[in-house]
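The values are calculated or read from the model by the stated rules, or taken from the named source; none is laboratory data. Treat the numbers as computed from the prediction; the structure is a model and nothing was measured. We place every Cβ from the backbone using ideal geometry, glycine too, and count neighbours over all the protein chains shown. SASA here: full protein model, heavy atoms, side chains in, ligands and nucleic acids out. Shrake-Rupley method; radii C 1.70, N 1.55, O 1.52, S 1.80 Å.
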Amino acid sequence: HVAFLTYSTFLMLSYLTPLLGGYLADRFLTYPKAIIFGGSVMFIGNCLMIVPEVVFLYVGLSCVALGIGFFSPSLAAILDHLYKDNIERRDGGFVLYYIAKNIGALLGPVMCGLLGEWIGYNYAFGLTALAILLGVIIFMLGRHLFIFDDFSIIKYKSRLNGFFIKNPMLANSIM
């Protein structure tokens with residue numbers, strides 16, 4: 001009963017926090033800052049869940065839900081701005097984005113579940129934390145390819161797309 005309540009509360013917060021995170025990213029933060037902040041908070045949350053205490057689990061899950069709130073809507077907004085002048089490419093970009101999101105939704109729980117059962121769940125949370133950290137680092141390294149204004153992307157800086165910008169599916173699946 002407690003596990004179901006914890007899981008359902010986490011899912012509820014994961015769907016509600018993007019309303020707040022998207023609003024704050026749009027009005028006060030930039031989308032890139034919101035992605036970095038959200039990814040960092042998710043990283044901290046997963047690191048907290050490595051500690052095998054119930055309090056750390058609840059605080060970690062809360063951090064992950066908050067991080068999702070900033071991270072998810074900002075990714076979609078940046079992707080929309082990437083292809084704002086080319087509708088056909090934008091549709092393809094979103095298809096790749098959602099394919100990557102679904103691949104991550106499939107592989108993440110399977111890999112972490114197996115790792116948790118074979119070695120220990122604290123290692124599964126550690127693997128998740130490392131994957132999130134890697135994704136944030138990749139995003140930060142690719143940020144120089146864009147020119148940002150206060151709230152969104154103005155234009156793409158380079159004609160030669162970076163590997164992860166050209167393949168958003170790969171970069172997003174790491175996240």
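Give the average over all directions of the projected area of the C-alpha convex hull of segment 18-120, one decimal, in nm².
Values: hull surface 29.5 nm².
Averaged projected hull area, Cα only: 7.4 nm².
Across segment 1-115, the relative contact order, built from alpha-carbon pairs under 8 Å that are at least six residues apart, equals 28 percent. As a ratio to 2.2 N^0.38 Å, the alpha-carbon radius of gyration computed for segment 1-77 takes the value 1.12.
Computing the accessible area with a 1.4 Å probe over protein heavy atoms, can you report the carbon and sulfur percentage for segment 74-129?
Values: 2310 of 3470 Å².
The value for segment 74-129 is 66 percent carbon and sulfur by accessible area.
Give the residue from P109, F125, F139 lying farthest towards the positive end of the charge dipole for segment 84-143; charges sit on Cβ (+1 for Lys and Arg, -1 for Asp and Glu) and the dipole is referred to the Cα centre. Result: F139, furthest along the dipole toward the positive end.
Across all directions, the shadow cast by the convex hull of segment 38-86 built on its C-alpha atoms averages 3.2 square nanometres.
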